[in-house]
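Worksheet: the structure to be examined is printed underneath.
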Amino acid sequence: MSWITLPKNKYQLISENERVSSCQIEVRINYRDLVAHPAEGEWSHSGPLRILSFDIECAGRVGVFPEPQHDPVIQIANVMSIAGAKKPFVRNVFTVGSCAAITGSQVFPHDSEEDMLKHWRDFVVAADPDVIIGYNTSNFDFPYLIDRAKALKIETFPYFGRLKFVKQEVKEAIFSSKAYGTRESKNVNIDGRLQLDLLQFVQREYKLRSYTLNAVSAHFLGEQKEDVHYSIITSLQNGDSETRRRLAVYCLKDAYLPLRLMEKLMALVNYTEMARVTGVPFSYLLSRGQQIKVVSQLFRKCMEIETVIPNMQSQGSDEQYEGATVIEPIRGYYDIPIATLDFNSLYPSIMMAHNLCYTTLCNKATVDRMKLKQEEDYIITPNGDYFVTSKLRRGILPIILDELISARKRAKKDLKNEKDPFKRDVLNGRQLALKISANSVYGFTGATVGKLPCLAISSSVTSFGREMIMLTKKSVEEKYCVKNGFKHDAVVVYGDTDSVMVKFGTNDLKEAMDLGAEAAAYVSTLFKHPINLEFEKAYFPFLLINKKRYAGLFWTSPEKYDKLDQKGLASVRRDSCPLVSIVMNKVLKRILIQRDVDGALAFVKKTIDDILHNRADISKLIISKTLAPNYTNPQPHAVLTERMKKRDGVGPNVGDRVDYVIMGGNDKLY
């Protein structure tokens, strides 16, 4: 996803009759002669990529999910745009049977389904998109079109990639990881064209209750699909040109919404930058996990410094190590400012400060044999592992992290100076990709089912982290006290992984923020470069319920609060029904913003009353859970899935969210 230069006289153009692709230019060149440019400066911009968003409609039978062996494809809508452009330059719909005109769109009617599919394939080749997007295209639209063409024996159809003689085929795939759960999917090879399924993108990047196109569009764009229920699609098709027009408008909207979502969520921009930063193929970003990105960066760096990486056999072990420290919370409602001090990129900065890497790990025997001096030549980490200092050898992981963090600083500096909105989006996507990449290096070393697990590194990182959080607590409480001339004794009310929350005792928000900034600067001097503690925000008032569960008004400047911030509460979780989060949000607003505790109590009582008297809106009582591959004990949504499959012949897949409502009764739910 970056730029290359083909030096003069190093390549030869291939004549028209010898070409194997439908590309505009086809050349022959030795790969060693290619000059690749890092995505910085004049090479940081993206090319004018051509994007096709499409959607298909099928005429299904009553009560049966469409099957390509029996049910025809009746319409295909297409919207094409250039990356960064304000409006699409192609809007058309391919139909079987006549269709009344649609303002601003072309209509291509066909006498038969075969003609339509052949015409659509020719359209894709002629329009030559660089990126094909849609909603659930990977699991439904592409496989359905290919299987339908096979059922109709259209031999020429599955050749719409850029390689003329490579056939498009559907392959089943299962992706499983701790972070993303298990998902079954289908892969279609479309050589020379990137695929970006917005459903997969949103499932990966956002935690929502529902992932239907309607729900996702309402959430991010504030608009919804056209009002056509799937049960009437076949009767609309069997009607006249006007009813088919209604269906075509619906189909066009379904093709346009993914394009709008892609632009709004900056999906293509952010993923392009992630691919550039980590050096993995674009398709891996949706089909693979985090580890491949770190492996790729390691390989890239080791190529530069001519170092070989061992090919380890991944042996999943149950070996555990102690994680981050959570300082026991002093629970309660605080009606005075609480300053929050955060370590900037804590784990990457620990690895850089203490030179923790595969290449710097040693042991006592090596240290004794080479007569190394402690602290000067090597360090012993708080959990007893030995690492040499950068004076002897600088580790590969610290070098990679240093480059990522420096590149992020450059991107953020360019972002400040850039005026063009599209270029700003690209730079923002780049700094985000660099941040995520730096933070995932630590996790990679601790993944026991991985390419290069090294618990000595990951457990050393967390042991340094624990030590630092406790030292921060101790030094803040020792310095900011009445004994040292301050008005109040400072108390750390809570601390977690990379941040501590301090009650300085003052009621004045500005004073608390100034003390927070001063304390952060003081504590930073106690640690090795580049470890840095920053004051970023204060909470006032603050409700501390438990570990990883709190809420408060979030202030970055004393003039006006930024937002109502919540962590780990039912109001931001998805495993209860929407009513719980609605009630909780309103209660928090009444307590924290309006300071009306009695009003909050009255509201809760009224809500309970409404439920007991059956006045509650049933749509607010829907519970949504993700379907896992197997369960030890029966779960309501898993049992419901089996019932749906028996009733309809088809039901939710592993990884899908299943909606259900508890109707009543005191028995078990299943």
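The values are calculated or read from the model by the stated rules, or taken from the named source; none is laboratory data. Bear in mind that the values here come from a model prediction, so they are computed numbers and not experimental data. Ideal geometry is used to build each Cβ from the backbone, glycine not excepted, and the neighbour counts take in all protein chains shown. Areas reflect the complete protein model, heavy atoms only, side chains present, ligands, DNA and RNA absent. Shrake-Rupley method; radii C 1.70, N 1.55, O 1.52, S 1.80 Å.
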- Mind checking which of Tyr206, Leu117, Met584 is farthest towards the positive end of the chain's charge dipole, using Cβ charges of +1 (Lys, Arg) and -1 (Asp, Glu) about the Cα centre? Met584
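With a 1.4 Å probe and all protein chains left in place, how much of the accessible area of the chain comes from carbon and sulfur atoms, in whole percent?
Numbers: 18260 of 35000 Å².
Whole-percent figure for carbon plus sulfur exposure: 52.
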- Of Tyr256, Ala519, Ser241, which is farthest along the charge dipole of the chain in the positive direction, counting Lys and Arg as +1 and Asp and Glu as -1 at C-beta? Ala519
- Item | Stretchable slack from Glu16 to Asp514, in nm (0.36 nm times residue separation minus alpha-carbon distance) | 172.2 nm
- Neighbour cut-off at most 12 other Cβ (10 Å), DSSP loop, chymotrypsin sites (Phe, Trp or Tyr not before Pro), the range 542-647: Tyr631
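Between Thr5 and Leu49, what FRET efficiency comes out of the Förster formula 1/(1 + (r/R0)^6) with R0 = 22 Å and r the beta carbon distance, rounded to 0.05?
Working: r = 19 Å, r/R0 = 0.87.
For R0 = 22 Å, the calculated efficiency reads 0.70.
Quickly estimate the mean residue ellipticity at 222 nm for the chain, helices only: each DSSP H run with n ≥ 4 gives -39500 (n - 2.57), and the total goes over all residues, rounded to 500. Kindly include the intermediate steps, with their values, before the conclusion.
Numbers: 18 runs with 243 residues, N = 670.
Theoretical 222 nm ellipticity from helices: -11500 deg cm²/dmol.
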- Query: To the nearest 20 debye, what is the magnitude of the charge dipole of the range 538-670 about its Cα centre, counting +1 on the Cβ of each Lys and Arg and -1 on the Cβ of each Asp and Glu?
  - Reply: 180
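Select from the chain the helices, each a whole stretch of DSSP H, whose alpha-carbon atoms run 27 Å or more along the helix axis and whose Kyte-Doolittle mean is at least -1.0; answer none if there are none.
Values: long enough: 241-264 (34 Å, -0.45); 396-417 (32 Å, -0.19); 421-446 (39 Å, -0.14); 455-479 (35 Å, 0.04).
Flagged H segments are 241-264, 396-417, 421-446, 455-479.
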- Note on the structure: The size of the Cβ-based charge dipole (Lys, Arg +1; Asp, Glu -1) of the chain about the Cα centre, to the nearest 20 debye, is 680
- Task: Straight distance only, please: which aspartates and glutamates reach the Cα of Lys547 with their own Cα at less than 16 Å, same-chain residues fewer than 8 apart left out?
- Result: Glu328, Asp496, Asp498, Asp565
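Scan the range 100-200 for GluC sites (Glu not before Pro) in coil per DSSP, keeping those whose Cβ has at most 14 other Cβ atoms within 10 Å, and list them by number. Intermediate results must be reported in sequence, preceding the final value.
Values: sites: Glu113, Glu114, Glu155, Glu169, Glu172, Glu184; in loops: Glu155, Glu169.
Of the GluC sites (Glu not before Pro), the ones in loops of the range 100-200 whose Cβ has at most 14 other Cβ atoms within 10 Å are Glu155, Glu169.
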- Shape of the range 75-160 from its Cα gyration tensor (a ≥ b ≥ c, root eigenvalues): rounded if a/c is under 1.5, otherwise prolate when a/b > b/c, or oblate? oblate
- For the range 1-135, what is the charge dipole size about the Cα centre, in debye to the nearest 20, if Lys and Arg each add +1 at the Cβ and Asp and Glu each add -1 at the Cβ? 520
- Extension reserve of the Ser557-Gln224 stretch, reckoned as 0.36 nm per residue once the Cα distance is removed: 116.2 nm
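Just the accessible area per residue of the chain, please: how many Å² with a 1.4 Å probe? Could you put the intermediate results ahead of the total?
On the way: 35000 Å² over 670 residues.
Per-residue accessible area for the chain comes out at 52 Å².
For the range 30-117, run through the chymotrypsin sites (Phe, Trp or Tyr not before Pro) and keep only the ones in DSSP coil with at most 14 other Cβ atoms within 10 Å of their Cβ.
Phe89
Please tell me which of these pairs span more than 24 angstrom C-alpha to C-alpha: Lys301/Lys419; Lys413/Lys473; Lys293/Lys416; Lys412/Lys537; Lys87/Lys419; Lys371/Lys391?
Numbers: Lys301/Lys419 33 Å; Lys413/Lys473 33 Å; Lys293/Lys416 28 Å; Lys412/Lys537 20 Å; Lys87/Lys419 21 Å; Lys371/Lys391 15 Å.
With Cα atoms farther than 24 Å apart: Lys301/Lys419; Lys413/Lys473; Lys293/Lys416.
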- Among the lysines, select those whose C-alpha is under 19 Å from the C-alpha of Lys586, and discard any that sit fewer than 8 residues away in the same chain. Lys563, Lys567, Lys605, Lys606, Lys620
- Message: Working only with C-alpha atoms, what are the Rg and Dmax values of the chain, expressed in angstrom?
- Response: 29.1, 90
- With the charge dipole of the chain built from beta-carbon charges (+1 for Lys and Arg, -1 for Asp and Glu) about the Cα centre, the Cα from Ala83, Leu49, Leu434 projecting farthest to the positive end belongs to Leu434
